[in-house]
Structures are given as C-alpha cells and as structure tokens.
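Data block below; observations after.
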Amino acid sequence: MTNTNKLNKALWTNITQLKLSNKEDAPVRFLLDKSPFDENDDDETSTKNTEYVIIGRILPNSDIFKKSAFQIEMKLTLNYPFQPPEVRFLTPIYHPNVDKDGKFCHPLLTKATRWKSGTTLIDVVKAIVEHIDNPDIDYSVNLDIGKEYMENRTEFNRKSLEMIQRYRLSRN
C-alpha cells in the first residue's frame, strides 16, 4: 500500500468521525464545511496532492465564545498522520492562542514530541475547543492579549464579544 493510499484511508476515517461530531449530543461539536473528498476528483488527481485541507466550524462552550461558531482550516501534509496538521482560524477571533493571521498555537500541534500518529482529527478539534474555552497563557502568540486575559478579564471579554458580534457564524 502506498503512502498516499494509507493517508487517504486514515483521512477518510477521520473525516467520517468529524461528520458524526455535528450531533447535538456529541462531546465536542464540529460542523464539516469542506473536505478533500467533497470534490469529484478521480484517484489519479488525488495522488498528486501534497496537502489536504479540511474546513469546518468549531462550537466552543465557554460563556463568551459559545455565542458563535468559528471556522477553522486544518492542513494535512502527506506525512499525516505522522505529523500534526496546521490549524488556522478563518473566522477572526480575539484570543491569546490565535495570532493575527489566524494561526492557532497549541502544544499538541507545535511540539513533534507530543504528537502521536494515533491522534485523530477529533482529538485535534477537542484540543482546539478546550483551548478556546480555557486559554493557555503559556502558549500565547499574542502577549498583549494574554496579559489582558490574565490582568483585565473584563476588557478581554468586552473585546472578544465585540469581535464575535462582528464576525459571528451560525452554530447550525
């Protein structure tokens, strides 16, 4: 079995799990908007890809962020599942763990030593939601927002809600 076939099988399994996570009673909710299998590519075309992109919406649970869904992009290289995906927020969010370009910083995704090949995309989505709901200041990519989160939560909440109001996405 070629690497591409192994990737496609692992990816198909992971995307099926993501599709099932859209139910109300799912422990973490993810609304799949686009996957590599949506396109009507034949097998010949799909073997030429050097990366695969999955786009969907996470639904955080914290008091502030539960008012909106946030669209994210997960890029997987041909080395997936042996290397973590790159995660980027497409919906603007005021958060210490997300940089101005939307790149999400989390130890699972940034430290190769923490990534295990058995880590699923559902595990990645769970980690993202957990860190959006409970920011990890140790992995702040925006130190000013991280400091504000720690020292002036009222102002952080105000700015977060302002951005949510401006860029709100449906949770359905």
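The values are calculated or read from the model by the stated rules, or taken from the named source; none is laboratory data. These figures come from a predicted structure and were not determined experimentally. Methodologically, a virtual Cβ is constructed for each residue, glycine included, from the backbone with ideal geometry; neighbour enumeration extends over all protein chains shown. These area figures cover heavy atoms from the full protein model, side chains too; ligands, DNA and RNA do not enter into them. Shrake-Rupley method; radii C 1.70, N 1.55, O 1.52, S 1.80 Å.
Summary table
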| quantity | calculated |
| --- | --- |
| First in region 51-69 and open to solvent by less than 10 Å² (accessible area, probe 1.4 Å), second anywhere and among the polar types (S, T, N, Q) and part of a loop (DSSP other than H, G, I, E, B), Cβ under 6 Å, 6 or more apart | Ile54/Ser35 |
| Matching residues in region 93-144 - criterion: being closer than 20 Å to Tyr167 by Cα and hydroxyl-bearing (Ser, Thr, Tyr) | Tyr94 |
| Count - residues of region 88-108 that are in contact with a helix residue (DSSP H, G or I) (Cβ under 6 Å, 6 or more places away or on another chain), at pLDDT below 90 and either aromatic (Phe, Trp, Tyr) or outside any loop (DSSP other than H, G, I, E, B) (or both) | 1 |
| Qualifying residues in region 35-87 (those that are touching a Gly at 6+ places or on another chain (Cβ under 9 Å) and modelled with pLDDT under 95) - the one nearest to Ala127 (Cα to Cα) | Pro81 |
| Residue match in region 161-168 (condition: open to solvent by less than 50 Å² (accessible area, probe 1.4 Å), under 18 Å from the mean Cα position of the chain (by Cα) and at pLDDT 95 or above) | yes |
| Residues that are aliphatic (A, V, I, L, M) and surrounded by 12 or more Cβ atoms within 10 Å (Cβ to Cβ), drawn from region 135-160 | Ile137, Val141, Ile145, Met150 |
| Filtered residue count, region 109-143, keeping only those that are in contact with a helix residue (DSSP H, G or I) (Cβ under 6 Å, 6 or more places away or on another chain) and part of a helix (DSSP H, G or I) | 5 |
| Selected residue [in a strand (DSSP E or B) and not β-branched (Val, Ile, Thr)] from Lys75, Lys66 | Lys75 |
